Amino acid sequence: MSYKLNINGKQHVADVDSDTPLLWVLRDVLGMTGTKYGCGMALCGACTVHLDGAAIRSCITPVEAAAGKAITTIEAVNTTDIGRAVQQAWLELDVVQCGYCQSGQIMSATALLAQTPKPSDEDIRGGMAGNICRCGTYERIHAAVKQVARQIPIRKAA
């Protein structure tokens, strides 16, 4: 079956079975390899992308569930102010060690900060839960999210 996908603001067509995981469409069909395969069971977070702004695990999301929705991958996270700020904080605080999980970590952090610009420590732990870092850079990840939160202007109610 043919699916029209809005990925990073561009239209793509994928001719795949309806239950094909979005991860495989991104990586194998469309050649977008920034999103990583980790566990295939939504337990590690390496495959995190945004679907209509929400962080989701693309390894268990069937392509038919993503059709017609806005999909954002790590390749386009820098198109938003928050995405750029998260990437900059990752660099400034030397978050990355091996780097394999970092695209998923960045996508989760960006979604968290877009939803909750001034997260508490508990909000950060909850928003980043399920993103596993085998190198154990959790403290640096947490610090980077806090750094970006300090930079986000407080929105005033209209």
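Does any residue of region 16-35 turn out to be outside the structural domain of ARG134 (by TED's automatic domain parsing), among the hydroxyl-bearing types (Ser, Thr, Tyr) and within 26 Å of GLY99 (Cα to Cα)?
yes
Among GLU122, GLU64, which is at pLDDT 95 or above, surrounded by fewer than 18 Cβ atoms within 10 Å (Cβ to Cβ), assigned to a helix (DSSP H, G or I) and in the same structural domain as THR35 (by TED's automatic domain parsing)?
Testing whether each residue is at pLDDT 95 or above, surrounded by fewer than 18 Cβ atoms within 10 Å (Cβ to Cβ), assigned to a helix (DSSP H, G or I) and in the same structural domain as THR35 (by TED's automatic domain parsing) leaves just GLU64.
Regarding VAL95, is this residue under 25 Å from LEU30 (Cβ atoms) and crowded, with 16+ Cβ neighbours inside 10 Å?
Criteria not met by VAL95.
Condition check ((1) part of a loop (DSSP other than H, G, I, E, B); (2) surrounded by 16 or more Cβ atoms within 10 Å (Cβ to Cβ)) across all residues:
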{"residue": "ILE56", "(1), (2)": "no, yes"}
{"residue": "ALA76", "(1), (2)": "no, yes"}
{"residue": "GLY83", "(1), (2)": "no, yes"}
{"residue": "LEU91", "(1), (2)": "no, no"}
{"residue": "ILE106", "(1), (2)": "no, yes"}
{"residue": "GLY126", "(1), (2)": "no, no"}
{"residue": "CYS135", "(1), (2)": "yes, no"}
{"residue": "GLN147", "(1), (2)": "no, yes"}
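Looking at THR110, THR80, can you tell me which residue is polar (S, T, N, Q) and in contact (Cβ under 8 Å) with a residue 40 or more places away in the chain?
THR110
Answer yes or no as to whether GLY99 is at pLDDT below 95, out of contact with any His (no Cβ under 6 Å at 6 or more places or on another chain), outside any strand (DSSP E or B) and not assigned by TED's automatic domain parsing to the domain that holds CYS44.
yes
Kindly indicate which of LEU5, LEU91 is under 27 Å from ARG140 (Cα atoms) and more than 15 Å from the chain's Cα centre (by Cα).
LEU91
How many of the residues in region 43-54 are out of contact with any Cys (no Cβ under 6 Å at 6 or more places or on another chain) and surrounded by 15 or more Cβ atoms within 10 Å (Cβ to Cβ)?
Residues flagged as out of contact with any Cys (no Cβ under 6 Å at 6 or more places or on another chain) and surrounded by 15 or more Cβ atoms within 10 Å (Cβ to Cβ) within region 43-54 amount to 6.
The values are calculated or read from the model by the stated rules, or taken from the named source; none is laboratory data. If you're wondering where the values come from, they're calculated on a predicted model, not measured in any experiment. Please note: Cβ atoms are built from the backbone with ideal geometry, for glycine as well, and neighbour counts cover all protein chains shown.
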